[in-house]
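Colleague: What follows is a structure written as C-alpha coordinates; I'll ask about it next.
The values are calculated or read from the model by the stated rules, or taken from the named source; none is laboratory data. Predicted model only: the values in this text are computed from it and were never measured. Heads up, the Cβs are rebuilt from the backbone with ideal geometry, glycines too, and the neighbour counts pull from every protein chain shown. Ligands, DNA and RNA are excluded from the accessible area calculation, which covers all protein heavy atoms including side chains. Shrake-Rupley method; radii C 1.70, N 1.55, O 1.52, S 1.80 Å.
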Amino acid sequence: CKTHASSSKSVESNMAHWSSIFSISDFLPMLAFPFVKMFQNNHLVAFEVIASFVLSWSQGWYEYFPHPPVNVLTCVENLLNHYDTKLLAHLTECDVSAKVYCWPLLYTVFSEVLSAKEWMVVMD
(Lines give C-alpha, C1' and ligand atoms only; values in the text may rest on other atoms or scores of the structure.)
Protein backbone atom coordinates (compact mmCIF):
# COMPACT_ATOMS: atom_id res chain seq x y z
CA CYS A 1 0.00 0.00 0.00
CA LYS A 2 1.26 3.47 -0.90
CA THR A 3 0.44 4.85 2.55
CA HIS A 4 2.48 2.15 4.30
CA ALA A 5 5.44 2.77 1.98
CA SER A 6 5.31 6.51 2.66
CA SER A 7 4.99 5.96 6.41
CA SER A 8 7.83 3.45 6.39
CA LYS A 9 10.16 5.78 4.52
CA SER A 10 9.34 8.63 6.90
CA VAL A 11 10.00 6.52 9.99
CA GLU A 12 13.16 5.00 8.49
CA SER A 13 14.43 8.51 7.75
CA ASN A 14 13.71 9.59 11.32
CA MET A 15 15.55 6.53 12.64
CA ALA A 16 18.56 7.31 10.41
CA HIS A 17 18.63 10.89 11.71
CA TRP A 18 18.36 9.63 15.28
CA SER A 19 21.28 7.22 14.82
CA SER A 20 23.40 6.93 11.68
CA ILE A 21 23.67 3.15 12.03
CA PHE A 22 20.04 2.92 10.86
CA SER A 23 20.94 4.57 7.57
CA ILE A 24 22.89 1.42 6.66
CA SER A 25 20.84 -1.20 8.49
CA ASP A 26 19.39 -3.56 5.91
CA PHE A 27 16.86 -5.01 8.36
CA LEU A 28 15.40 -1.70 9.62
CA PRO A 29 12.48 -1.76 7.13
CA MET A 30 11.48 -5.25 8.33
CA LEU A 31 11.89 -4.30 11.98
CA ALA A 32 9.87 -1.11 11.53
CA PHE A 33 7.10 -2.52 9.35
CA PRO A 34 4.77 -3.96 12.00
CA PHE A 35 5.05 -0.80 14.12
CA VAL A 36 4.48 1.48 11.13
CA LYS A 37 1.46 -0.58 10.16
CA MET A 38 0.06 -0.37 13.68
CA PHE A 39 0.60 3.40 13.94
CA GLN A 40 0.09 4.24 10.27
CA ASN A 41 -1.77 7.46 11.05
CA ASN A 42 0.92 8.84 13.32
CA HIS A 43 4.53 8.67 12.12
CA LEU A 44 5.85 10.29 15.30
CA VAL A 45 4.29 7.63 17.53
CA ALA A 46 5.60 4.88 15.21
CA PHE A 47 9.11 6.37 15.44
CA GLU A 48 8.93 6.68 19.23
CA VAL A 49 7.70 3.10 19.66
CA ILE A 50 10.43 1.75 17.36
CA ALA A 51 13.08 3.80 19.17
CA SER A 52 11.79 2.52 22.52
CA PHE A 53 11.83 -1.05 21.23
CA VAL A 54 15.40 -0.66 19.98
CA LEU A 55 16.57 0.82 23.28
CA SER A 56 14.76 -1.75 25.41
CA TRP A 57 15.01 -4.97 23.43
CA SER A 58 17.57 -4.79 20.68
CA GLN A 59 20.53 -2.82 21.99
CA GLY A 60 22.84 -5.81 21.70
CA TRP A 61 21.93 -6.29 18.06
CA TYR A 62 24.42 -3.66 16.91
CA GLU A 63 27.56 -4.77 18.74
CA TYR A 64 28.67 -6.83 15.73
CA PHE A 65 26.97 -4.74 13.05
CA PRO A 66 26.67 -5.28 10.10
CA HIS A 67 26.69 -8.93 11.17
CA PRO A 68 23.84 -10.51 13.13
CA PRO A 69 24.13 -10.24 16.92
CA VAL A 70 26.36 -13.18 17.79
CA ASN A 71 25.81 -12.60 21.51
CA VAL A 72 22.03 -12.87 21.18
CA LEU A 73 22.15 -15.84 18.82
CA THR A 74 24.56 -17.64 21.16
CA CYS A 75 22.06 -17.16 23.99
CA VAL A 76 19.35 -18.67 21.80
CA GLU A 77 21.53 -21.67 21.03
CA ASN A 78 22.32 -22.09 24.72
CA LEU A 79 18.60 -22.04 25.55
CA LEU A 80 17.89 -24.55 22.82
CA ASN A 81 20.72 -26.74 24.12
CA HIS A 82 19.23 -26.59 27.60
CA TYR A 83 15.65 -27.39 26.55
CA ASP A 84 16.14 -29.60 23.49
CA THR A 85 19.66 -30.94 23.06
CA LYS A 86 18.58 -33.37 20.35
CA LEU A 87 17.06 -30.63 18.22
CA LEU A 88 20.16 -28.45 18.53
CA ALA A 89 22.36 -31.44 17.62
CA HIS A 90 20.21 -32.13 14.57
CA LEU A 91 20.30 -28.49 13.45
CA THR A 92 24.06 -28.42 13.94
CA GLU A 93 24.47 -31.64 11.91
CA CYS A 94 22.43 -30.04 9.13
CA ASP A 95 24.60 -26.91 9.27
CA VAL A 96 21.64 -24.78 10.38
CA SER A 97 22.71 -22.09 12.82
CA ALA A 98 20.74 -19.64 14.94
CA LYS A 99 21.52 -17.07 12.24
CA VAL A 100 19.22 -19.10 9.97
CA TYR A 101 16.42 -20.17 12.32
CA CYS A 102 16.36 -17.28 14.78
CA TRP A 103 17.76 -14.06 13.33
CA PRO A 104 14.94 -13.62 10.75
CA LEU A 105 12.37 -14.05 13.54
CA LEU A 106 14.09 -11.38 15.60
CA TYR A 107 14.65 -8.72 12.96
CA THR A 108 11.07 -9.04 11.73
CA VAL A 109 9.93 -8.92 15.36
CA PHE A 110 8.00 -12.16 14.68
CA SER A 111 5.63 -10.28 12.35
CA GLU A 112 6.24 -12.76 9.54
CA VAL A 113 5.08 -15.77 11.56
CA LEU A 114 2.31 -14.34 13.75
CA SER A 115 -1.08 -12.93 12.81
CA ALA A 116 -1.61 -9.25 13.59
CA LYS A 117 -3.65 -10.17 16.67
CA GLU A 118 -1.05 -12.66 17.93
CA TRP A 119 1.73 -10.16 17.29
CA MET A 120 -0.04 -7.50 19.37
CA VAL A 121 -0.40 -9.98 22.25
CA VAL A 122 3.32 -10.79 22.10
CA MET A 123 4.24 -7.09 21.99
CA ASP A 124 1.94 -6.37 24.92
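Colleague: Identify which of Ala32, Ala51, Ala89 has the largest mean-square fluctuation in a Gaussian network model of the chain, with springs joining Cα atoms closer than 10 Å.
Modeller: Ala89
Colleague: Something else about it: Any idea how many Lys pairs in segment 1-123 come in under 28 angstrom at the alpha carbon, given 8 or more places apart or on separate chains?
Modeller: Eligible lysine pairs with Cα atoms under 28 Å apart amount to 9.
Colleague: Carbon and sulfur atoms: what percent of the 1.4 Å accessible area of the chain do they account for?
Modeller: Numbers: 4690 of 7970 Å².
Taking all protein chains in place, the chain shows 59 percent carbon and sulfur surface.
Colleague: For the chain, report the accessible area per residue in Å² (1.4 Å probe, heavy atoms, rounded to an integer).
Modeller: Normalised by residue count, the accessible surface of the chain is 64 Å².
Colleague: If we count every other residue with Cβ under 14 angstrom of Cys102's Cβ, Lys/Arg +1 and Asp/Glu -1, where does the sum land?
Modeller: Working: positive: Lys99; negative: Glu77, Asp84, Glu112.
Once all neighbours under 14 Å are counted, the net charge is -2.
Colleague: How big is the equivalent ellipsoid of the chain along its three axes, where each semi-axis is √(5λ) from the Cα gyration tensor, reported in whole Å from largest to smallest?
Modeller: 29, 16, 12
Colleague: Count the net charge of all other residues whose Cβ sits under 13 Å from the Cβ of Ser23, scoring Lys and Arg as +1 and Asp and Glu as -1. Could the numbers behind the result be given before it?
Modeller: On the way: positive: Lys9; negative: Glu12, Asp26.
Surrounding charge for Ser23 is -1.
Colleague: What shape does segment 61-124 take by its C-alpha gyration tensor, where a ≥ b ≥ c are the square roots of the eigenvalues and a/c under 1.5 counts as rounded, a/b above b/c as prolate, and the rest as oblate?
Modeller: oblate
Colleague: Just reorder Trp18, Trp57 by solvent-accessible area, largest first, 1.4 Å probe, all chains present.
Modeller: Working: Trp18 110, Trp57 190 Å².
Output order, biggest surface exposure first: Trp57, Trp18.
Colleague: Right, next: With θ set to phi - 60°, apply the Karplus curve 6.51 cos²θ - 1.76 cosθ + 1.60 along segment 52-68 and write out the HN-Hα couplings as whole Hz, x wherever there is a Gly or Pro.
Modeller: 5, 4, 4, 5, 8, 10, 10, 4, x, 5, 9, 5, 10, 4, x, 7, x
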